[in-house]
Amino acid sequence: MSLELFQSKTMIWCGLTGGIASGKSEVAKILRGRGFFVLDADQLAHQMTQPGTFGLQKIEQAFGPDYFLKKPDVMILDRKKLAELVFSNSEALLKLEGILHPLIQQEVKNQKAKWMNQKVSAAFYDVPLLFEKKMESQFDQIIVVTSPDEVRKKRLFENRKWTAAQIQARMANQIPLHQKIKLADQVIENAGSLEDLEAEVEKVLTKLNLNS
């Protein structure tokens, strides 16, 4: 959406996305530090699969007990084992998404309505698969955080201890970053220091007239 069209809105609703390990979480942290509300799709998915939740019950029905840790009197999801399945099996991934996405979307809708009622100037939704799930029309502005592929691979290898095969599987599940950049309203480059990243965020906030 053009700047002229969205600046008259009560609240600017911004989608924050990018590629895996591009730095979305760090950008979200910077935004929160500046007082903005930021929803995190991964955190919401985690909430929806806590012991005793409806989401967890649906996952057990769909995938069976093999994807749960054995604990007395409580169901605990084996997230690592389930992730290994869904990122190597597209049918399983669609099944999981079919369970979690409606629950997450309802929570996002509730939070967005709450902030609009509070006259919040802007809020952000950190959602990795924004383009993959064709969510573009939901946002006033879409911000893509980008970083070179080799830098992202290094982060995943060093910080998460992933193998080359695991990294390739996750990256293959996402639209390439160069395509996301073309679809973005705003781009944040994350190839330098934290100070450089903070400056990039500040540039975007200035463009959106949100840095006052």
Please verify whether segment 174-194 includes one or more residues that are of a type outside the set (Phe, Trp, Tyr), touching a Phe, Trp or Tyr at 6+ places or on another chain (Cβ under 7 Å) and surrounded by 19 or more Cβ atoms within 10 Å (Cβ to Cβ). yes
Residues within segment 34-74 that are part of a strand (DSSP E or B) and aromatic (Phe, Trp, Tyr), tallied: 2
I'd like the residue in segment 48-78 that is within 25 Å of Thr17 (Cα to Cα) and touching a residue at least 12 places away in the same chain (Cβ under 8 Å) and, out of all such residues, is surrounded by the most Cβ atoms within 10 Å (Cβ to Cβ). Thr49
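Yes or no, residue by residue, for (1) in contact (Cβ under 8 Å) with a residue 40 or more places away in the chain; (2) β-branched (Val, Ile, Thr):
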position	(1), (2)
Ser147	yes, no
Ala164	no, no
Ile188	yes, yes
Leu210	yes, no
Could you check, for segment 189-200, whether at least one of its residues is in contact with a helix residue (DSSP H, G or I) (Cβ under 7 Å, 6 or more places away or on another chain), more than 30 Å from Leu93 (Cβ to Cβ) and part of a helix (DSSP H, G or I)? yes
Would you mind stating whether Glu132 is of a type in the set (Asp, Glu) and part of a loop (DSSP other than H, G, I, E, B)? yes
Every residue from segment 17-41 that is crowded, with 17+ Cβ neighbours inside 10 Å and at positive phi: Gly18, Ala21, Gly23
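Any residue in segment 98-107 that is over 24 Å from Gly15 (Cβ atoms), of a type in the set (Gly, Ala, Ser) and more than 15 Å from the chain's Cα centre (by Cα)? If you could, list the steps in order and put the result at the bottom.
From segment 98-107, those over 24 Å from Gly15 (Cβ atoms) are none; that's our starting set.
No, because not a single residue in segment 98-107 is over 24 Å from Gly15 (Cβ atoms), of a type in the set (Gly, Ala, Ser) and more than 15 Å from the chain's Cα centre (by Cα).
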Is it true that Val144 is under 15 Å from the mean Cα position of the chain (by Cα), assigned to a strand (DSSP E or B) and of a type outside the set (Asp, Glu)? yes
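What residue, among those in segment 112-125 that are part of a helix (DSSP H, G or I) and surrounded by 15 or more Cβ atoms within 10 Å (Cβ to Cβ), is nearest to the chain's Cα centre (by Cα)?
Lys112
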Restricting attention to segment 87-111, which residues are outside any helix (DSSP H, G or I) and not small (Gly, Ala, Ser)? Phe87, Asn89
Which number in (1) in contact (Cβ under 8 Å) with a residue 12 or more places away in the chain; (2) over 25 Å from Met116 (Cα atoms) marks the one condition that Ile12 misses? (2)
Return the only residue of Ala191, Ala199, Ala123 being within 25 Å of Arg34 (Cβ to Cβ) and either of a type in the set (Val, Ile, Thr) or touching a Leu at 6+ places or on another chain (Cβ under 8 Å) (or both). Ala123
Tell me, which residue of segment 1-16 that is outside any loop (DSSP other than H, G, I, E, B), aliphatic (A, V, I, L, M) and surrounded by 18 or more Cβ atoms within 10 Å (Cβ to Cβ) is modelled with the highest pLDDT? Leu16
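The values are calculated or read from the model by the stated rules, or taken from the named source; none is laboratory data. It should be emphasised that the depicted structure is a prediction, and the values quoted were computed from it without experimental measurement. Cβ coordinates were reconstructed from backbone atoms using ideal geometry, including for glycine residues, and neighbour counts include every protein chain displayed.
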